[in-house]
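The values are calculated or read from the model by the stated rules, or taken from the named source; none is laboratory data. Note that the structure is predicted; figures quoted are calculated from it, not measured. Every residue, glycine among them, receives a Cβ derived from its backbone with ideal geometry; neighbour counts consider all protein chains shown.
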DNA sequence: CATGAATGAGCATTCATTCAT
DNA sequence: AATGAATGAATGCTCATTCAT
């Protein structure tokens, strides 16, 4: 059961860049707040076992605090997952928005999109896995954010079609679908052991595949 | 935690074709065995909430029997999931093997593969979702079966490369990865509400995308 | 919960002498009835794990039949345990009664009692363990039979005291208590690994100890 | 199935002296910790029905808390039984060690041993029954502690044999076996209703019986 | 802020027993 | 006589959550 609201943009500004660097079991060094430690712990565990397999107890233990403490920072377990989601996806979206706002051609924009995405994956596999490769029980509850990246890409495609850079016969929703399928196929396979990392080494190949599949000039 | 063995080929011959036809809540009509009802109930629930979210209690109730009865047919919850998996994936693999054994060209084979896959999805969305779109906690335990379809496709690609039908520069593992990404993107998006309609209506488009992405003649 | 009646003398005449000879897992050879197989299986399992640890399912499986079949022969699990008890204890008591009826001196009678008891243990450790070394949840329900051997010994002691063969100052109930304690200490320790078998090799030592402890001439 | 470790000497220092004084059903008075209440409840129930017959549910109810609370104090039901065992047996062993360290003659030491043992039984029948009269499913897992009292007595006997106080022909293992058999026969019979308590009233008689049975000067 | 004890509902599983065949 | 499917209650244990300190 997952219900409720997402954290606002202002709430979510935590330092998650070095999430993967945090050693498991220790409550973290310099300025690591308990709240951040809990988020990091949750993502770490979820990326390994799936969201459903992670208990409040295990998150608290991994963060080095008690269960009670967790409830000082998050009103419920669901809210914790949603906060975590919002924090990570927010960063991703801002990057993608930057691509659209730049003057890049559709082809160059796609290349940049893939590069950034795979850099993200290589830099923080656990957070990436959490937000993009795991099924989210609260998918509908999220709505806006959940589909934000897809909608950004649809905008890119439609602009390309208007400019004549992209095959005009393909519908934007399908283009987005195929794009996401290709984009995530590599991280997904690396996680499952079917492909050897890093993801960045496949960026060029995947860009070509997307360009060809969507008929980009 | 999920461990153990998969059902053998001979054990798994149940009639699951009309799995989706079973009305929820009723113990099923004419010759529906309790075991089959349990399998159907399990798939139905898992496809809706994910595997982890389904309790033995809910499966039994959905099948119209008690929990004790379930354990007469499956030695554990894990074994139930694996039996279900084996039943469904077995059918799928046999179809795909048929494609390889026929004399179709690589391009025709891909078209047929997509057609069959989407027909399967449209015919039994729940079973398809269960085996192909849900993360399986027992992925490693399955091994063989789990990657069987991917390996079949790799064989198809390599044969095509030898024949000169497929771009020789792409590695088979990557080709398989991109293929699976494109193939499953449509059912996945339909489930998530981002795409409408029967998957079959996208078969041609997806086939084209695959052919172009992989450089098939 | 253990309630009900003991089997009558006529019901209990089964051949249990070769109980230990029955190979586990097989439904038994020549004339082994299902009922006998069930009793043997029950004793075998109880002597290894204690009565409480034995399930109806395990008894049936060990006897090579289904659980339903067990209920054709015994009205309940409790009744099974009581029937088993009656069968074994009946044999033991008849032997001891024979000692009293013979013309042996108290000292010789004790020696014979110990010899017979330890022969019984060595010949069928499982049955002996079941009736004499395991706590019986239905002890009170048995009443008569449960204390029959003790009462026989009390009679022996009182007769000895009348004859002047036994120290007259010791009360019969205490004499019986000490006697049983000494008699069973050896089989009990062998079962627990504190003493090496066979019990018969200790018969003489234990006889001496009893004789001295009770002040028998 | 019972596995795991025993509590260390330092862990086990609870006040169990007045274990029997705790009224059933009430959560206990002044400073009774939940953990102590649970231990007392467990012993109380086990001494009445045997260890196997006691459920976690019943222990929690008897202690006046929920099952969940029990698991805050004991990692499993098995560990609870072992903790309880360690607490009680630890006290008993220290007393017996004291006897060996004193300068008493073998005969006086035995008399003291019996006196202490029966005082223990009379003072806390339930705890005594739990540790000494009930079969322990985890007997092997305990090892050290389980046989500690027996080994202490063997030391006493061997010293007596060296001093010429004890019949040199009897082997120490057998002496220990007979001693334990005689010592426990009285509490055991009192529990079964064959003898009227208190056990202390039999201390002298049993001491004499032991002395005579083992040929102590 | 954080703890640690406690709750009560839920979990997967096993139990003794019944009954139509 | 025996089977095998089914029941319903009970098992040991984990869960998310609360709250006095």
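Given the residues A:200, A:185, which is the only one that is assigned to a helix (DSSP H, G or I) and more than 11 Å from every other protein chain (Cβ to nearest Cβ)? Walk me through it before giving the result.
Values: A:185 fails: more than 11 Å from every other protein chain (Cβ to nearest Cβ).
Going through A:200, A:185 in turn, the sole match is A:200.
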Take residue D:122 and decide whether it is within 16 Å of DNA strand E (Cβ to nearest atom), under 18 Å from the mean Cα position of the chain (by Cα) and modelled with pLDDT of 90 or more. no
Applying the selection to the range A:50-79, what residues are within 14 Å of DNA strand E (Cβ to nearest atom), part of a helix (DSSP H, G or I) and surrounded by 19 or more Cβ atoms within 10 Å (Cβ to Cβ)? A:59, A:60, A:62, A:63, A:70
Would you pick out the residues in the range A:114-160 that are surrounded by fewer than 20 Cβ atoms within 10 Å (Cβ to Cβ) and more than 22 Å from residue A:79 (Cα to Cα)? A:115, A:116, A:119, A:122, A:123, A:150, A:151, A:152, A:154, A:155, A:158, A:159
Residue check: is residue C:116 touching a helix residue (DSSP H, G or I) at 6+ places or on another chain (Cβ under 6 Å) and within 17 Å of residue C:152 (Cβ to Cβ)? yes
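Only residues that are in a loop (DSSP other than H, G, I, E, B) and facing chain A (nearest Cβ under 8 Å): list them for the range B:163-182, please.
Start the filter on the range B:163-182 by keeping residues that are in a loop (DSSP other than H, G, I, E, B), which leaves B:164-165, B:167-171.
Hit for the range B:163-182 is B:170, nothing else.
Would you say residue B:11 is closer than 16 Å to residue B:130 by Cβ, modelled with pLDDT under 50 and in a loop (DSSP other than H, G, I, E, B)? Working first, answer last.
Numbers: closer than 16 Å to residue B:130 by Cβ: no; modelled with pLDDT under 50: yes; in a loop (DSSP other than H, G, I, E, B): yes.
When the stated conditions are applied, residue B:11 does not pass them.
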Please go through (1) farther than 24 Å from residue C:217 by Cα; (2) modelled with pLDDT of 95 or more for residue D:211 and return the number of the only condition it doesn't satisfy. (1)
